[in-house]
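Here's the structure we're looking at; comments come further down.
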Amino acid sequence: MDTWQRRTLIYLVGLVGVILGYALAYDYGMSAFEGDPREFLHSLQVVVETFTTTGYGSDAPWSSTGMRLLVIVMDITGVVLIFLALPVLLFPLFEEAIETNAPTTVERDLTDHVVICHFTPRGETLVTELESWDVDYIVVEPDGDRADDLYEAGYHVVHADPQSVEALERARLTDARALVADASDQVNTSIVLTAREVDEGVRTVSVVEEPDRARYHDLAGADAVLSPRRLLGESLASKVTTGVSTTLGDSIEVGEDFDIAELPVHRGSDLVGTTLAESGIREETGVNVIGAWFRGQFVSPPSPDAELDGSTVLLAAGTARQLERLKSRTLSSVRGFRRGETVIVGYGEVGRTIADNLSAANVPYTVLDQVDADGVDVVGDATEPADLRAAGVETARTVILALSKDTDAEFATLVVRDLNPEVEVIARAEETQNVTKMYRAGADYILSLATVSGRMLASTILEDEDVISMDQQVEIVRTDAGDLAGRTLGAADVRSRTGCTVVAVERNGTVLTDLGPDVRVQSGDSLVIAGTDAGVKRFQSFYQHRT
């Protein structure tokens, strides 16, 4: 019995006692002061009516002073005990009766599902991926309020502690295809150890916050240990290291001498201010621009009249040589190499990874962080203009915001843009939902940790989904032909129905990249598609029906 239940019980017992006491007093008073004896049951009825105001003053008037005083006190007592106590004691009872609580065990038969231990922003991306492939999941959430909120939002969740054997058994771990441990490093190792106790054969995937602790996750028995922050840092750094030369850098190889790459249009590039049609990209480089991000919004295919600016990111397909020619056109025509040209704001795991990659590429940089540590050049607040000035933001060519709080990153973007309107701002976002706000604040290129992490998890768990790109702003997936087999790409109308683009068809070891509307998809083909997470989900909903 909890505190509220004990308090309610004491109140009810006390209320009954007070009512009986007043009934005895009233019964005595009517005989002694009014000379009009009553049956005790009648006296009890009068007290109850007075307390509840349903039969207020049924024996009135009273002629004696003693009875009048007793009734006055009884009236006040009834108001205090009944009406002032209702909001405190009885209303919570009704709220609890209608409240939706998360279950503590799986309420349906599940097999081949994924058990997700703790729910984080990257878990949302993972759930989206799982749902698009019709893979069941169960979130095991130890926080009661959080579990209730997720349950009301429509997630499949149980309220339990994933570090206990009983909880994982209630989540049917023995019938699951995989377990994802997504809490702190210490908790994740405990979850993996617990999972091994429940089922030695279940596949376990653990997310590590500090890469140097990955060894302990391995020792705990994790089958796969993922470090999304390191990948995020490498990806953000690559936007700078490939920006100082025409070398293509990171690209996604689809087939022999056919790649897909995201290429940000840098401020100062000759492409800025031109439309896609005026740019001459297709004629001069030979690449196919299959999509583009404009201020955080992905469009596929982009309109020929779309204007390119410093926040545009092109998604292009072609040979390595063709993409390198396009890369040279996206760069600024003048770029110096002075010290402090790149400013890294934030020196956590992501910031340190960025610094390591810039050092390896011989790109000079300055680090700003709140904590004085080895590798930090300026100690200060990322949201304070004076501290950003001290780090050289006013003369910098690029600022990389590697801050763990999205609100800080949004505010810092506004300050940086005010100090240096021409600077390139590259940022990380903790949650995907905040990406659009950061673009509105003035960032040029943003990667979401939640998106990168969720894709890493999905690619590790789902054997039938080959997520080629986990650190790009769009998702590039290799998948089977599904319901497209036997249809032409033009008749399928993939782009308008899903927002995705089929960029290549793999057939009998050959990669077809010259895809017109008359190309017919055959059974056994593998398709390489590009689009947003939502677009890929729509594609799979339309063309990947499963029985």
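Data table
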{"quantity": "Per-pair calculated FRET efficiency, R0 = 41 Å: D145 and E49 via Cβ, rounded to 0.05", "calculated": "0.45"}
{"quantity": "Compactness relative to 2.2 N^0.38 Å, alpha carbon Rg of the chain", "calculated": "1.38"}
{"quantity": "Ranking by accessible area, most exposed first, for D387, D514 with a 1.4 Å probe", "calculated": "D514, D387"}
{"quantity": "Directionally averaged projected area (convex hull, Cα atoms, the stretch 344-477), nm²", "calculated": "8.5"}
{"quantity": "Where only C-alpha atoms are counted, convex hull volume of the stretch 260-327 per residue in Å³", "calculated": "71"}
{"quantity": "Rough spin-label spacing in nm, given labels placed 7 Å along Cα→Cβ, for L15 and E384", "calculated": "5.7"}
{"quantity": "Inter-centroid distance (Cα atoms) of the stretch 516-545 relative to the stretch 183-205, Å", "calculated": "35"}
{"quantity": "Cα-based Kirkwood hydrodynamic radius, the stretch 396-538, one decimal, Å", "calculated": "17.1"}
{"quantity": "Within the stretch 492-519, backbone nitrogen closer than 17 Å to the virtual label 7 Å beyond the Cα of D305 toward Cβ", "calculated": "none"}
{"quantity": "Stokes-Einstein D for the stretch 160-231, Kirkwood Rh over Cα pairs, 4 °C, 1.567 mPa s (µm²/s)", "calculated": "109"}
{"quantity": "Farthest positive-ward along the chain dipole, Cα basis, beta-carbon charges - from T65, G486, S31", "calculated": "G486"}
{"quantity": "Between 0 and 90°, nearest 10: helix 349-360 axis offset from the chain longest Cα axis", "calculated": "10"}
{"quantity": "C-alpha long axis of helix 185-198 to longest principal axis of the chain, angle in °", "calculated": "80"}
{"quantity": "Mean Cβ neighbour count within 10 Å, used as a protection proxy, ranking 45-51, 377-383 highest first", "calculated": "45-51, 377-383"}
{"quantity": "Electrostatic dipole magnitude of the chain [Cβ: Lys, Arg +1; Asp, Glu -1; Cα centre; debye, to 20]", "calculated": "1060"}
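The values are calculated or read from the model by the stated rules, or taken from the named source; none is laboratory data. Note that the structure is a prediction, hence the values are computed from the model and not measured. Glycine also receives a Cβ, built like all others from the backbone with ideal geometry; neighbour counts cover every protein chain displayed. For accessibility, only protein heavy atoms count, side chains too; no ligands or nucleic acids. Shrake-Rupley method; radii C 1.70, N 1.55, O 1.52, S 1.80 Å.
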